[in-house]
Every structure is written in C-alpha cells, then in structure tokens.
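Chemist: This is the structure I want to talk about, given as structure tokens.
Read-outs throughout are calculated quantities, based only on the coordinates presented, and are distinct from any laboratory measurement. Since the model is a prediction, treat every value here as computed from it, not as a measurement. Note: ideal-geometry Cβ built from the backbone for every residue, glycine included; neighbour counts use all protein chains shown.
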Amino acid sequence: MLADNEVNRVLVVTAHPDDADFGAAGAVALMVDRGVEVTYLLVTDGDAGGNERSQDNAGMAELRRSEQAAAAKAVGVTDVRFLGYADGTVVPSLELRRDIARVIRQVRPDLVITHHPDRNYMAIAPSHPDHRAVGGATLDAVYPDARNPYAFPELLRDEGLQEWTVKEVWLNGGMTPNHWVDITDSIDRKVAALLSHASQVSHREGFEGFVRERMSHNATTAGFGPDRYAEGFQIVPTA
Ligand SMILES: [Zn+2]
C-alpha cells in the first residue's frame, strides 16, 4: 500500500453526485489537509435522482451539479468534472473507458478511488448498475488504457496526452474491504458534504444520525474502538 507521502494527486471517479460523499469524503478531507490535490470525476449528473421532484431531468442535472460543487467545497475539493452520461444507463463501454483514461492522463493521479465493480450481496445500494459499470470501466482505464500509449491512440495524437500509470486503486462498496481510514477528525465535514445534496437527502428524517451510525459501525469493524468513525475500501495495487 502507498505511504501517505507517495500520494500527491488523487482522482475520485463516481457514477452520481453524492457517491463520493457517501463513500470517501472523510478520507478525501484528510488528504486535502495533507496537501493532496484531489479531482472528482462524475460520469453522470444524477439527472434521474431526487424525491417528489418538480424538475425535469435537465433541471435536476443542473441542480445536482451545483450540489456536488458545494459538497466538494465542504471537504476542500475545487476540481469537479462531469462526463454527462445519462443517469441509470451507464455501461462499461469503450467510449467510457476512453473518457476516463483521458482524465487519468490529464490529472496523472497516484491513487484512484472508485466503485467496486462486483455485486455486493450483503446490501443492495452499493451495487447500482451505474456504480458497477463505472467501477469496471475505471479499472480498465487504469489498466491498460491510461498506461498504454497505443491504447486509444487519439488521446496522444490529437490531445497530446502522455500515458500514465496509476499506482493504486481504492474500491468502495464491496463485500471485502481491507483498509479502513479513521475519519473521526473529518466526520463533520463529511456530513456537511452529504447535506449539500439537499435534493437527495433533505427529506430523509434522521439522515445525519444514519451516516454517523454507519461510519461508527465501520470503526468498530476496523477495531478503532468506540467514539470513532471510519470509511472502508478494498485496495488494489496497480503499479
Ligand atoms: Zn450512486
């Protein structure tokens, strides 16, 4: 596993606005505290999300982009990019692999954080089909697409984007987390980030307590003891 001082740039690739905040915002806030540059890449605008909506999908997309920008800001992230795929229809296509590989070559991250591509049989929400598609396409973009100069040659030929090798990937939402980050010092910022997604969470009674309870449960699983909070990841070495 990479040491803290080996991680200078991080790319977080998710399907929807709020995914990064549910899965990784606590760890991201601590990285930003250490001076790490973090970029969020969202494959969709979350235009099919929301509750008791008064908006059409285009209006929802615009609202959710601004909510994600606010959520990112709550943990110190200002570089937020969108690919604009339609919510609920994402497949791990060659086009998506190329679009993610392009951003990997632009950002040149040491670490990528994304969804686990396998179905989680212990909980249904982590296995949204868009999550599995984005997780799979991102791993494919990490290896081989971004590091192979002959893969998607137009990226080099037309855009001057040199190959780049990501050293490590952290997967969110799987059944077999093997790395826990103590986020006790950033749980308040994680909650603030999540509350920025008002169109998704404002109607959920006891939402903040739900988030804290879940992160506290993670900390217990991790063996961090009481009154701690944690996020879990599965680490894939990709150097
Ligand atoms: Zn999602």
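Chemist: Express in nm, to one decimal, how much length is gained between ARG34 and ALA48 on full extension, taking 0.36 nm for each residue of separation and deducting their alpha carbon distance.
Modeler: Length gained between ARG34 and ALA48: 1.5 nm.
Chemist: If one computes the Cα centroid of segment 71-109 and of segment 171-239, what distance in Å separates the two points?
Modeler: 22 Å
Chemist: Listing MET215, MET122, MET175, MET1 from the residue with the fewest other Cβ atoms within 10 Å to the one with the most, what is the order?
Modeler: In order of increasing Cβ crowding within 10 Å: MET122, MET1, MET175, MET215.
Chemist: Additional query: How much length, in nm to one decimal, is gained on full extension between THR78 and ALA3, taken as 0.36 nm per residue of separation minus their Cα-Cα distance?
Modeler: 24.6 nm
Chemist: Using a 10 Å cut-off on Cβ atoms, rank the peptides 108-119, 84-95 from the highest mean neighbour count down.
Modeler: Highest mean packing first, the order is 108-119, 84-95.
Chemist: Based on the mean of other beta carbon atoms within 10 Å per residue, what is the order of 184-194, 138-148, 155-165, 14-24, most packed first?
Modeler: 14-24, 138-148, 184-194, 155-165
Chemist: Then there's this: Please give the length that would be gained between ARG157 and ASP227 if that part of the chain were fully extended, namely 0.36 nm times their separation in residues minus their C-alpha to C-alpha distance (nm, one decimal).
Modeler: Result: 19.9 nm gained on full extension.
Chemist: Which FRET efficiency value, to the nearest 0.05, do you get for ALA239 and THR89 by plugging their Cβ-Cβ distance into 1/(1 + (r/R0)^6) with R0 = 25 Å?
Modeler: After rounding, the FRET efficiency stands at 0.15.
Chemist: Further question on the same structure: Once you charge only the Cβ atoms, +1 for Lys and Arg and -1 for Asp and Glu, what is the size of the charge dipole of segment 1-131 about its Cα centre, to the nearest 20 debye?
Modeler: 400 debye
Chemist: Same structure, new question: Tell me, what is the FRET efficiency for PHE210 and TYR143 to the nearest 0.05, using R0 = 30 angstrom and their Cβ-Cβ distance as r?
Modeler: That pair, PHE210 with TYR143, gives E of 0.25.
Chemist: Per residue and in Å³, how big is the convex hull formed by the alpha-carbon atoms of segment 94-239?
Modeler: 133 Å³
Chemist: Among the DSSP beta bridges whose two residues both lie in the chain, what percent are antiparallel, rounded to the nearest 5?
Modeler: Antiparallel bridges make up about 30 percent of those DSSP assigns within the chain.
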